[in-house]
Structures are given as structure tokens and as C-alpha cells.
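The values are calculated or read from the model by the stated rules, or taken from the named source; none is laboratory data. The shown structure was predicted, so the numbers you read here are calculated from the model rather than taken from an experiment. No Cβ is skipped: glycine too gets one built from the backbone with ideal geometry, and neighbour counts run over all protein chains shown.
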Amino acid sequence: MKKYFLAFTIPALLAACGGQPDDHAHDPGSESGAGSQGNNIAPEDGHDHGEIEPLTYTTYTDSIELFVEFKPLVVGEESRFAAHFTRMGKLFTPMTQGTVSVSLQVIGTPIVAQADAPSSPGIFRLALTPKQEGSARLVFTLHSGSLTDTLMVDGLTVHATAHDAAHAEHPEEPAGDITYLKEQAWKIPFALERVQPRPFAGSVRVGAEVEPATSGEQVLAARSAGVVHLLGNAPLEGMAVKNGQALFNLSSQGITGENPGASVQQARNDFERAKADRDRIEGLYSEKLVTQAEVLAARNAFANAQTRLEQSSGAQTISAGIDGYVRTLQVREGQFVQAGTILATVARNTRLSIHADVPVQAFAKLGGVSSARIKAQDGTVYTLEELDGKVLSVGQAADGLYVPVRLDVAGAPSLLPGSVVEVWLLSPKTSDAITVPLTAVLEQEGRSYCYVQTSGETMDKRTITLGSNDGLRVEVLDGLRPSERVVVIGAMDVKLATAGGALPAHGHEH
């Protein structure tokens, strides 16, 4: 299994009176940055070396973060470990079940201890007593369901005496003066992201209008002149309708002004003539005196004449041709309309069209459109892929000062036809850049910053310089380095915790 190692240690030797080791937990009343209690080690040379601050290390695999605290390793002295295991997914959550073993490897047979379950969510407590001094490493193995992971803490030393441990040099403390406990992070939606260069496309941000897709809208129009009668539950804008549901009835009876009686008589005459032509041509066809095409033309003319007679001589019913909703209603009860007058439009939101006009100069820098981000009215930002969408068309010529761009997307509850949304149109050109999600970025007095986790429970407030963004991620021009871990979910909670005054200090049971 591939292993990753990242270790930090907090060296602090406090001049305090000696005593017996005891367990303790986080002290919520401690001042931020104060050292947590450790175990007093009685020196063999008769000198009091004080209370030795515990060491802390943080290490990662692809799916697990381990933050562990323990006192310096001394031959013959029991060391207690508070191992904090976090599952790294979309959100970072504590490991609530499983077993953890720790193996101390020095010289000879490793010393192994095991915890069969967490003592509290995410925290496994273990203890072992070193028997041999020298260079050492700890190997933690986690088993939880189908998950098995191994994490190593390397570069350790088992000291011969407490005196040696008290005077040993330790690596410098990690950067950052903000203490943010695992127990705090586990109680809220929280996640980190490892900084690394990734392909990033240039973009143009524009306003756009949401419209029903061409295939998802039907226009209902009057086929002849008449008076409109609304049927059933009178159709209203926004009302759901079914395919085949009758919405309007148009009646031409009682209408004056355009001699509807003459219109009906003309329709009847056309019908009789078309019927006679059909019958005559069918008789000739039976004697093979005309072609099949002539027969089909005569039948079609008869059907059209029959339809016109039915429409002119009485009421006509207008029905919805698709499942959807009444998008617009153009008429009122009792209104007279001419043939061709639009009565209503019926639409369905299964597919939508998003129309954006891009300024010519911005489009020239973009060099085309490969994808998009869409921000709905409720603040949700969708990728084109999440909406099963595609770039439908990109104008090959400018319409005045703008180039039209159309996107085809699946419907979503927050995307309503007629609404205006923000769209980031992405260029097909990409380059590697350091980026973070926009959720990681906060502002204070006009300056942008984010929180970097420098060790398991230490945060560094980092001022950053931003470049362009694509609606979801923003380019960081300065302030972050590859492999650092940035708070991308929960940054505001970290800010509120630091603004609350005193923060809990490091310290778990040892």
C-alpha cells in the first residue's frame, strides 16, 4: 500500500514541578497557544526537568488523516497515544468504528498495542512501553469494515533516560497560531484540499436568460376565427397540463361582421367539390386510368376540406400537445380571435436553453467556448456536466457588439424559464495553475485570505493574491505552495472560532 508521511512536533519544556502521569482532555478554558499538560518524567540524575510537552504528528493517506499526540519515548516509561483518525471524503468525518494497532519499531521485535474501538468518535487510545533506545518509527494500522490503511510516523527517537528526552532537540513548531481542535472540525461540515497545480481555463462572466428548449415548448393558436371559451379549470400561467388535455374551445356561431354564414357555405362547397373529385379519381384509378399519386392528392384535398368545414361550422377544441405547464396565457374568456392568434404557450422544463450575449472583445480573448458554469438565482453554481448540458451554438458573426452563445441543459428546480442567471463561459485553452474553491476564500478589509492547516490542530491565516475565477474555483497568484492543505469547507466556522476570544489549547489524554 502506498504510504504518505508528514510529521510535525511541538517542542516545549515547561519549568514546572514534577508529578505522576495522569489523563486529561482538551481544556476549553485554556488560552490559545497554551501548551497542554503532559506526563512528568522523574529524571534519574536527581534533577527536575519539569513537565515535558507532548509531541504531535500529522500524517495522511489518500483517504485517512491521522493526528496523534504522545509524550517523548523513554525506555521503561509508558507512553500513551491519543490517535485521531479522520476519514477524508467530500466532508471530513471522525472514524466511529474499527480497530487500530500501533507498532513501535526500534531494534528487534516490534512492540505492539491495539485499541478495539474508539474511546470517543474519532479518537483511539493506545499505550506501550519502549524497551530499547535508538532511532524508531511508529506504524499505525486501521481496520474499519472494508477499509484497511497504514500510516507511519518516522524519524523518532527512544531516549535512554528522561534527562535525554528533556534535553533532546525537536523540529520547529509548524507555522500558525490558531488552534482548531479535531472535535470542533468533526461537529460541522468541514473539509481540506491539498494544493496542487491543475488545468485551469480562462473565462468570461456574463448575464444570460433561461428559456425553454425549442423542442420543449408548444404554441397553441386558433385555427379559425371564433370566441374563446376556457375549459374545465380555466388555464392559468404556471398550471400543470397533460398531453391531450383540452384547454380552449373556439366557437364561430353568432359572430357577425365577417359574414360567418358565407364562410361556412364556402367551406361546405369546397368540401362537396373535394368529395366529388376524390370519388371520380378513385373510380378512374380502379380502371387504371390515373396514377396512385393523383389518388393520394385527391384524398388529401378532401381531408383538408373536411377539416375546414368542421372548423367553420361549429366549435373547435384546442388541446395541449405535451406534458408541461402553461408558460404564457394570451387570451381571456369571451375574447374574439382571428385565425392564427396565439392563445397560449405550453412548455416543459426537462430541457432548457440558456442564451448569453458575449461582448466581442471578451469573446476574442476567450477564443471559443468549451464549457460553462451556471449560477442560479438561489446561488447554486452548476457545471455544464452536472446539468447534462452542452454548448449548443456559438455565433459565427457578431450581432452588433455581441456574440450570441446558446447552451442546452437539463432542467433544475432553481433554473426557471424567463429568469436571468450568471454564466461563466470557459475557454478551450487551459494552463496549469494553483487554484482553490471559492468557498475557501474570505475577505477582511479588502484583502483575501484563507486558512491553511499546518498540523492536525493548527491553522495559519494566510493572505493570498487572487486571479480570475470560473464560478467555482479561483486562481491563487501568491500566498500558497503546492502540498499545503487549505480549509475549503468550514472556513467561516474557523473564523468565528478565532473571533470568539480564547481557544482551547492542544491536549488530549496521554
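Whether any residue in the range 432-453 is assigned to a loop (DSSP other than H, G, I, E, B) and either touching a Pro at 6+ places or on another chain (Cβ under 8 Å) or in the same structural domain as E237 (by TED's automatic domain parsing) (or both) is what I want to check.
yes
Answer yes if at least one residue in the range 414-424 is exposed (fewer than 13 other Cβ atoms within 10 Å of the Cβ), in a strand (DSSP E or B) and of a type outside the set (S, T, N, Q), and no otherwise. Lay out the reasoning, then the answer.
If we filter the range 414-424 for residues that are exposed (fewer than 13 other Cβ atoms within 10 Å of the Cβ), which is where we start, we get 418, 420.
Still in the running and in a strand (DSSP E or B): 420.
Of the ones still in play, those that are also of a type outside the set (S, T, N, Q) are 420.
Checked the range 414-424: at least one residue is exposed (fewer than 13 other Cβ atoms within 10 Å of the Cβ), in a strand (DSSP E or B) and of a type outside the set (S, T, N, Q).
Tell me, which residue of the range 359-409 that is of a type in the set (V, I, T) and in a strand (DSSP E or B) is nearest to F200 (Cα to Cα)? Before the answer, list the steps.
First pass over the range 359-409, keeping only residues of a type in the set (V, I, T): 360, 369, 374, 380-381, 383, 391, 394, 403, 405, 409.
Imposing the further condition that a residue be in a strand (DSSP E or B) reduces the set to 374, 381, 383, 391, 394, 403, 405, 409.
On the way: I374: 17, V381: 17, T383: 14, V391: 19, V394: 21, V403: 23, V405: 21, V409: 23 Å.
So the residue we want is T383.
Given (1) under 30 Å from G238 (Cα atoms); (2) touching a residue at least 60 places away in the same chain (Cβ under 8 Å), where does P413 come up short, assuming only one miss?
That leaves (2) as the condition not met.
Which one of L329, L366 is closer than 30 Å to L438 by Cβ and within 40 Å of the chain's Cα centre (by Cα)?
Going through L329, L366 in turn, the sole match is L366.
Filter the range 213-232 down to the residues that are at pLDDT 85 or above and assigned to a strand (DSSP E or B), then identify the one that is farthest from R351 (Cα to Cα).
Here the residue is V227.
Select from the range 78-91 the residues that are of a type outside the set (G, A, S) and crowded, with 21+ Cβ neighbours inside 10 Å and write down the one among them that is nearest to A185 (Cα to Cα).
Only one residue tops the list, namely T86.
How many residues, within the range 99-132, are in a loop (DSSP other than H, G, I, E, B) and buried (at least 18 other Cβ atoms within 10 Å of the Cβ)?
4
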